[in-house]
Amino acid sequence: MDSKKLKKIFENFVCQGVFSNATALTSGHINETYIVETSDLFYVLQKLNHLVFPNIPELMDNKLKIAQHLTKKKGYQLALLQFYPTKTGPYYLKDEEGSFWSLMNYIPGSKVLDKTEHKDQAYEAGKAFGHFIAQLDDFDASELYEIIPNFHKMSFRYAQFDEALKNGGEERKKEAEVWIQQVLENRDKMHRLEKLYEQGIIPMRVTHNDTKLSNILFDENDRALAVIDWDTLMPGIVHYDFGDSIRSICSTTTEDEAELSKINFDYDFYQSYKVGFLEELENTLSEKEIELLPLAAQTITFIMGLRFLTDYLNGDAYYKIKYPRHNLVRAANQLTLVKRMEEVFE
């Protein structure tokens, strides 16, 4: 984006320093992110995707509530995200084109890891996300807006799948036959966490809902510095966050790998992550919540496979694809990873 336009947007926020330069970050998939250099400090300027997040005021309200809560916590050991208001008051700017922007602090000496390279990184990731959740245990999750309704709700995703199976083309259904069968056979098992939550056996908590490795900032020694990307902060259950981390950290391949024999589940990474996670949360979670962590890893991985499969049956209407069977490859990948998890946990 043009530097003059970014400068104009930046100058709408209340912060120190004079705009000098802006550099685009390319690692994110949803928002546009820029590092802004000023005469005094660096900042993070984001163009928020209001197609994915249709209610930006609610999204920013969630972030501010959590930031204010954690600021008061003497025991919070990670670097905190700070959000800056505009000169007119709100913590977001709506520009002339109808796009929304927010401004955050930059955390110096930090790096992002896209792939787990050794067990210590997995341990640090578990400890960071565990600490984040533990420090929010005394926050009433019902005060947060549901930014993406039904995001991890299995019954909603199965309803979408059932509709796609009913209306999908015969050729696509035939190509996906093996994976459709796996989805049908696992219906009861994959609803278990949702049912336990509805029965009150699993409590509602504040959850991050996008706990991939790249949403932790590390220092040069691979120690966790901060938990970032708070766009999907919502009420949920701890298993969503644990499962999503395990899905991304413990797979030996990317979710686009078509050669299924290459897909394995790294149990050493799993154990390291779990140790770090429970060091922070063991006194917060119930015995039942801890007992269900292996199922959480399978459930969240399964739901991603289910969503890819549903989109394939729908003619690739939601996810961007690079070739005709891309969503089927993604679905097969994730559902194969579920099988690998089952084998290890058994």
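Extents of the stretch 232-346, largest first, come to 48, 32, 20 Å (Cα atoms, principal axes, whole angstrom).
Using all alpha carbons of the stretch 151-229, what is the percent of pairwise distances in each 10 Å bin, ordered from the shortest bin to the longest? The percentages, shortest bin first, are 14, 29, 25, 23, 9, 0. For the Cα atoms of the chain, what angle does the longest principal axis make with the long axis of helix 267-281, in degrees from 0 to 90, nearest 10? Here the helix axis deviates by roughly 50 degrees. With the alpha-carbon atoms of the stretch 14-99 aligned to their principal axes, the span from lowest to highest coordinate is 40, 34, 31 Å, starting with the largest.
The residues of the stretch 130-217 present an accessible area of 50 Å² per residue when probed at 1.4 Å with all protein chains retained. Based on alpha carbons, the Rg and Dmax found for the stretch 118-168 are 17.5, 47 Å.
From its DSSP helices (H runs of at least four residues, each -39,500 (n - 2.57)), the chain gives a residue-normalised ellipticity at 222 nm of -14000 deg cm²/dmol. Taking the 1.4 Å solvent-accessible surface of the stretch 202-346 as the whole, the part contributed by carbon and sulfur is 45%. Using a Debye calculation, one point per C-alpha and no hydration shell, please list log10 I(q)/I(0) for the stretch 20-62 at q = 0.34 Å⁻¹ in order. Ignoring solvent entirely, the Cα scatterers give -1.10. Considering just Cα atoms, how many Å³ per residue does the convex hull of the chain enclose? Residue-normalised Cα hull volume stands at 146 Å³. Solvent-accessible surface of the stretch 1-127, taken per residue with a 1.4 Å probe and all protein chains present: 56 Å².
Accessible surface for the stretch 302-346, divided over its residues, is 43 Å² per residue with a 1.4 Å probe.
When a 1.4 Å probe is rolled over the protein heavy atoms, the share of accessible surface on the stretch 1-130 that falls to carbon and sulfur comes to 51 percent.
Geometric descriptor of the stretch 126-284, per residue, is 149 Å³ (volume of the convex hull of the Cα atoms). Considering the stretch 66-142 at the alpha-carbon level, its Rg and Dmax are found to be 16.3, 47 Å. So which trypsin sites (Lys or Arg not before Pro) in the stretch 74-116 are both in a DSSP loop and have at most 11 other Cβ atoms within 10 Å of their Cβ? Of the trypsin sites (Lys or Arg not before Pro), the ones in loops of the stretch 74-116 whose Cβ has at most 11 other Cβ atoms within 10 Å are Lys74, Lys87, Lys115. Solvent-accessible area of Ser248, all protein chains in place: 50 Å² (probe radius 1.4 Å, heavy atoms, ligands and nucleic acids excluded).
Which net charge results when you count Lys and Arg as +1 and Asp and Glu as -1 among the other residues whose beta-carbon is under 13 Å from that of Asp114? The answer is +1. Computed over the stretch 244-303, the convex hull of the alpha-carbon atoms projects to a mean area of 4.4 nm².
The values are calculated or read from the model by the stated rules, or taken from the named source; none is laboratory data. Just so you know, these numbers come straight off a predicted model, no measurement behind them. As a convention, Cβ positions derive from the backbone with ideal geometry for all residues, glycine included, and neighbour counts pool all protein chains shown. These accessible areas exclude ligands, DNA and RNA; they are computed on the full protein's heavy atoms, side chains included. Shrake-Rupley method; radii C 1.70, N 1.55, O 1.52, S 1.80 Å.
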